[in-house]
Every structure is written in structure tokens, then in C-alpha cells.
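The block underneath contains the structure these notes are about, expressed in C-alpha cells.
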Amino acid sequence: MLDCAASMTARILDGKSLAAATRTALKRKVEALVQRGVRPGLGVVIAGDNPASKVYVRNKTLAAEETGVRSRLLEYGIHVSEAELMQTVAALNADSAVHGILVQLPLPKHIDASRVLESIAPAKDVDGFHEANLGALMAGRPGVVPCTPLACMRLIEHAGVQVAGRRAVVVGRSNIVGKPLAHLLLQKDATVTICHSKSVDLGGICRSADLLFAAVGRPKLIGAEMVKPGACVVDVGINRLPDGKLAGDVDFDAVRRVAGWITPVPGGVGPMTIAMLLENCIRAATTE
């Protein structure tokens, strides 16, 4: 049984405030590292003219500077070659002042993003996208954990939501969110189901979930009729509506009347994802 009555409005999992507290704690860790002569460094590579990507990169570099992490932004136009990006990553791999490397996605269409990501040294792969890190996660070995799944777990753990023994449903099977999130939930002893575009009776599966995670990039896909009363609902999606407003994959206004806990969009998973990126970078500097 979940411990939140169905008639109550859901408690908000406030990623913005938790991220601020996390950055404050990380800043203290950076100060301690600086005393030892180590200043964490983050190399950020962006290519193309995607407006959303530029906003995301600006937010990440600002958060890095706020916590004392030195950021180095390398910007390229839409016609940059794959070879040039690979050379940039190789230079960052070899730079001892750079502890974390972030290649902002999406890359221009003529570039094989997987080749570029796989060229990042696994220890500096602060996004956790490298096959070595994803494989380590699946095998339960130490590695860099992808930031967004880690953010989801940190949010529910901070709220005191029980995971062990609960039924978790992850809607979305990407290598960036869905699959690694499922493995993190398994590590915490949840019973996990992954749904995707070919899943039959998506609503019925979602209604069985004590913990429901939406990560498909379809605005308001998850409605109140798909949510078990009292469930914990984590919305990873962020979508731009025709009127310019932002919406998640969950119909927030409807679902909050049914769920026990829910993340807002914006202000939920997004800020914590950036905080986890910085945590990964600082951890890399700590273990050098």
C-alpha cells in the first residue's frame, strides 16, 4: 500500500530547490579540492544552431561556475566536420585540467553522434553515455551513471519514497533515460517494467505502477486515468507546445489530483539533471 491518500493533492517533488541544495554541497567539495590543488574542469562541446541546445549549455556552464567548476565552452557551426569534433574530444581527453567532457546533443545530422560520444574517455564521460559506463551500470559495477536517471532516483529518495518491493513502470526505452533508469530501479529492488511504442495496453500497465516514470517526449501522454491513486509520478519529458508553453509527458494538472507525488515541468527533473552532471564531474576530479 502507498502511504498517500488518493483524495489528497500530490506532493511536489521540487527539483529546483533540491538542485540548489545539491550545488551548495558540491561547492564545498570543490573548495576542498582547490585546497588540494585540484580545480574540477568541464569541457563542453556544442555544434549547430539548435536554440534549445544553446539554452541548455548556458544553464550548465552557469551552474558549473556557480559551484566553482571551471567550464570551457567549445562552439562549432552547423557545418563542422565529424573529424574536427573527434579531434576536439581527443584534445580534451588528453588535457589533465579537464575532468569531465560533455557533448551537447543533438549534433548536426551529417555527424555520427555515437562515434563522437564513444570517443570520450569513459572516466571523463560525465553524461554517462559511453558504452563502458552503460555496461558497468547493467553489470552493477562502478562507473559514471547517466545524469537524468540519477536525477530521478535522487528526487524520489530525497522525498522518502519507498522503492524496494514496489512496482515501477518506465515509459520510454532510450539508452539515455529509460534503460539506465530501469537498471537503477532494479538495483534498489523494485520490480520493473519498461514500456515503449509497441506496448499493448499502456494505460493498464501504467495503472499498475507504484512508481511511474515518463520519458518519451510526447506532451501530456500520461493522463489521470493512467495513474494508480497515490503513485509517485516522475516526468522526464519537456516539450514545447504550439502556444510556446512548456509541458511534460504527464498531464500535470490532472495527474496531481490522483498521484501521491509528482514532479513539475519545468522545475523537476531538469535542474537535478544539471546538478548530477556537476556531481559526476567533481567525482571524476576527486578520483584522479
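The values are calculated or read from the model by the stated rules, or taken from the named source; none is laboratory data. Only a predicted model underlies this, so the values are computations on that prediction, with no experimental measurement involved. In this analysis, Cβ positions are derived from the backbone assuming ideal geometry, glycine residues included, and neighbour counts consider all displayed protein chains. SASA here: full protein model, heavy atoms, side chains in, ligands and nucleic acids out. Shrake-Rupley method; radii C 1.70, N 1.55, O 1.52, S 1.80 Å.
The set of residues from the stretch 12-40 being more than 30 Å from Val255 (Cα to Cα), open to solvent by 60 Å² or more (accessible area, probe 1.4 Å) and β-branched (Val, Ile, Thr) comprises Thr24, Val34. Filtered by the rule that a residue be more than 18 Å from Asp127 (Cα to Cα) and in contact with an Asp or Glu (Cβ under 7 Å, 6 or more places away or on another chain), the stretch 77-109 gives Ile78, Glu82. Check whether at least one residue in the stretch 79-99 is outside any loop (DSSP other than H, G, I, E, B), open to solvent by 50 Å² or more (accessible area, probe 1.4 Å) and under 18 Å from Cys147 (Cα atoms), and report yes or no. Within the stretch 79-99, not a single residue is outside any loop (DSSP other than H, G, I, E, B), open to solvent by 50 Å² or more (accessible area, probe 1.4 Å) and under 18 Å from Cys147 (Cα atoms). Open to solvent by 20 Å² or more (accessible area, probe 1.4 Å) and under 19 Å from Gly160 (Cα atoms): is that true of Arg256 in this structure? Criteria met by Arg256.
Taking the condition closer than 27 Å to Lys245 by Cα, at pLDDT 95 or above and touching a strand residue (DSSP E or B) at 6+ places or on another chain (Cβ under 8 Å), does Gly178 pass? So Gly178 fits the description; yes. Residue under question is Thr22, and the condition is that it be outside any loop (DSSP other than H, G, I, E, B) and either of a type in the set (Phe, Trp, Tyr) or free of Cβ contacts under 8 Å to residues at least 24 places away in the same chain (or both); does it hold? No: the conditions fail for Thr22.
Take the conditions among the charged types (D, E, K, R), more than 24 Å from Ile282 (Cβ to Cβ), surrounded by 13 or more Cβ atoms within 10 Å (Cβ to Cβ) and under 24 Å from the mean Cα position of the chain (by Cα) and apply them to Lys54. Does it pass?
yes
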